[in-house]
Amino acid sequence: MSGTVELFDGRGWTPVCDQDALTPGRGVAVLTEDGRQIAVFLDRAGGLHALDNRDPFSGAYVISRGILGSRGDTPTVASPMYKHVFDLRDGRCLDEETAPDGTPAMLRTYPVRSTAGTPSGLSSPSERV
């Protein structure tokens, strides 16, 4: 399915890549105009997900290289560094509540959609930004 993947930045939708560039089950890192790195995933069911690319445990920008999976009904991504698992829907770490610096172990999530009509992994933009 062809289309453009777009992220919602709080003001509007911004195109970040062609959907054809995404491989189901894998992620890509995109760089926004304001310098944020965001990991964008196309899951095997065709859902799109967008989260911070920075692993809060290692500080490395590697989440886009993570492994997609699930825990029960929860779609997840496992960081390639220390294998912490995060919920793709809300960015929560399912293994630990806090990162080493004491902050909540979470990845920020972003509303994402495709102009081809692929369903987003998130709910409406106003609930996430």
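The values are calculated or read from the model by the stated rules, or taken from the named source; none is laboratory data. What you see is a predicted model, and the numbers here were worked out from it, not measured in a lab. Cβ: placed from backbone, ideal geometry, glycine included. Neighbour counts: every protein chain shown. Surface accessibility is based on the protein's heavy atoms, side chains included, excluding ligands, DNA and RNA. Shrake-Rupley method; radii C 1.70, N 1.55, O 1.52, S 1.80 Å.
Here are the numbers for this structure:
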quantity	calculated
Once the Cα gyration tensor of the stretch 35-110 is diagonalised, semi-axes √(5λ) in Å	18, 14, 11
Point-charge dipole on Cβ atoms (K/R +1, D/E -1) for the chain, about Cα centre, debye to 20	200 debye
Accessible area of Tyr61 in the full protein assembly, 1.4 Å probe (Å², nearest 10)	120 Å²
Solvent accessible area, Å² - Val28, 1.4 Å probe, full protein context	40 Å²
Relative contact order, percent, the chain [alpha-carbon distance under 8 Å, six or more residues apart]	24 percent
Highest-MSF residue in the chain out of Asp101, Asp87, Asp52 [GNM, Cα springs under 10 Å]	Asp101
Residue with peak Gaussian network fluctuation, the chain [Cα springs, cutoff 10 Å], from Arg54, Arg44, Arg11	Arg11
Proportion of all alpha-carbon pairs of the stretch 1-84 beyond 18 Å (%)	42 percent
Cα lying deepest toward the dipole's positive end in the chain, options Leu107, Leu51, Pro75, charges on Cβ	Pro75
In nm, spacing of pseudo-spin labels at Thr103 and Ala60 (7 Å Cα→C-beta vector)	1.9 nm
FRET efficiency estimate (nearest 0.05) - Cβ-Cβ, Asp18 to Ile67, R0 35 angstrom	0.90
